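Written out below as structure tokens is the structure these notes cover.
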Amino acid sequence: MKIALIGYGKMGKAIEEIALAKGYMIVLKISSKNVDEFTKENIAKADVAIEFTNPQNAPDNICKCIEAGVPVVSGSTGWLKDWDNVAAYIESKNGSFLYGSNFSIGVNLFFELNKFLARLMSPYSDYNVSLEEIHHTQKKDSPSGTAITLAEQILHELKTKKTWVNQPSDNKEDMVIISKREDPAPGTHTVKYTSDIDDIEITHTAHNRKGFASGVVLAAEFLLGKKGIYTMKDVLVS
């Protein structure tokens with residue numbers, strides 16, 4: 001498998017390490033230092049593009065790869081306000097795309113646990129739910145894409161909560177997310193249900209980026225030969 005890395009920061013380098021260990025080739029590495037090499041001709045050399053950049057550039061990066069006829073796996077977060085436009089473009093080009101707010105297998109299992117716990121807690125209005133996420137100081141978006149996914153899963157199950165907010169709030173209809181930026185911290189997410197009697201909480205803590213990177217390469221393998229738009233859940237049940 002020939003891979004184009006669109007974004008060559010810490011995550012891109014971790015993905016490269018995993019991909020090379022599996023015998024794959026990195027045919028293109030794009031960072032802020034060589035954006036002039038991000039051309040249709042260079043992208044087309046790859047079997048799949050892996051895009052990890054930032055909220056401002058992700059939509060254009062994804063569409064550029066799709067225009068070149070190359071499947072895209074993207075883990076950039078914070079750009080989903082543009083999702084409808086990007087998805088429509090992918091469909092118009094009969095492209096292949098897989099998006100994940102988090103590619104760690106452990107986190108995706110945590111997503112399923114979060115949904116199940118929220119469903120169990122739904123009848124018990126004495127409990128108030130909140131969420132805390134901790135990441136390294138270089139993380140550009142806040143809250144994390146993983147935290148947003150967790151919050152939206154909870155909102156779907158708990159009718160007492162109407163929206164999530166990324167700050168403390170006294171409004172009982174707000175699902176509060178507290179974001180902290182500390183080094184070193186690959187990522188910790190805690191969902192906490194609190195009452196006057198007791199607390200219930202679940203936590204996922206990443207020890208390093210290897211779990212994320214391994215999941216990204218697994219997603220790239222899954223996407224080869226397919227058309228359409230997929231998520232990490234499709235990878236795990238395949």
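We did not get these values from a lab; they are worked out from the coordinates using the rules stated. Computed from a predicted model, the values in this text were never measured in an experiment. Cβ: placed from backbone, ideal geometry, glycine included. Neighbour counts: every protein chain shown.
Listed cross-link partners Lys22/Lys233; Lys10/Lys139; Lys10/Lys210 are compared with a 18 Å cut-off, the Cα-Cα value being larger for Lys22/Lys233.
Converting phi to 3J(HN,Hα) with the Karplus coefficients 6.51, -1.76 and 1.60 and the offset θ = phi - 60°, the stretch 221-232 yields 4, 4, 6, 4, x, 10, 10, x, 10, 10, 10, 5 Hz in sequence order, with x at every glycine or proline. Quick check: from the Cα gyration tensor, does the stretch 105-205 come out rounded (a/c under 1.5), prolate or oblate? Because a/c hits 1.5 or more and a/b exceeds b/c, the stretch 105-205 counts as prolate. When only C-alpha pairs under 8 Å and at least 6 residues apart count, what is the relative contact order of the stretch 105-205, in percent? This gives 35 percent for the stretch 105-205.
Look at the dipole of the chain built from charges on Cβ: of Gln138, Pro55, Asn34, the Cα furthest out on the positive end belongs to Asn34. Neighbour counting of Cβ atoms within 10 Å sorts the residues Val176, Val165, fewest neighbours leading, into Val165, Val176. The relative contact order of the chain, computed from alpha carbon pairs under 8 Å that lie at least 6 residues apart in sequence, is 21 percent.
When the square roots of the Cα gyration tensor eigenvalues are ordered a ≥ b ≥ c, the ratio a/c for the stretch 9-87 is 1.5 or more and a/b exceeds b/c, which makes its shape prolate.
The trypsin sites (Lys or Arg not before Pro) of the stretch 80-164 meeting both criteria, a DSSP state outside H, G, I, E and B (loop) and at most 10 other C-beta atoms within 10 angstrom of the site's C-beta, are Lys159. Once all Cα-Cα distances of the chain are split into 10 Å bins that start at 0, what whole-number percent is in each one? Whole-percent P(r) values from 0 Å outward: 7, 31, 33, 19, 7, 1, 0.
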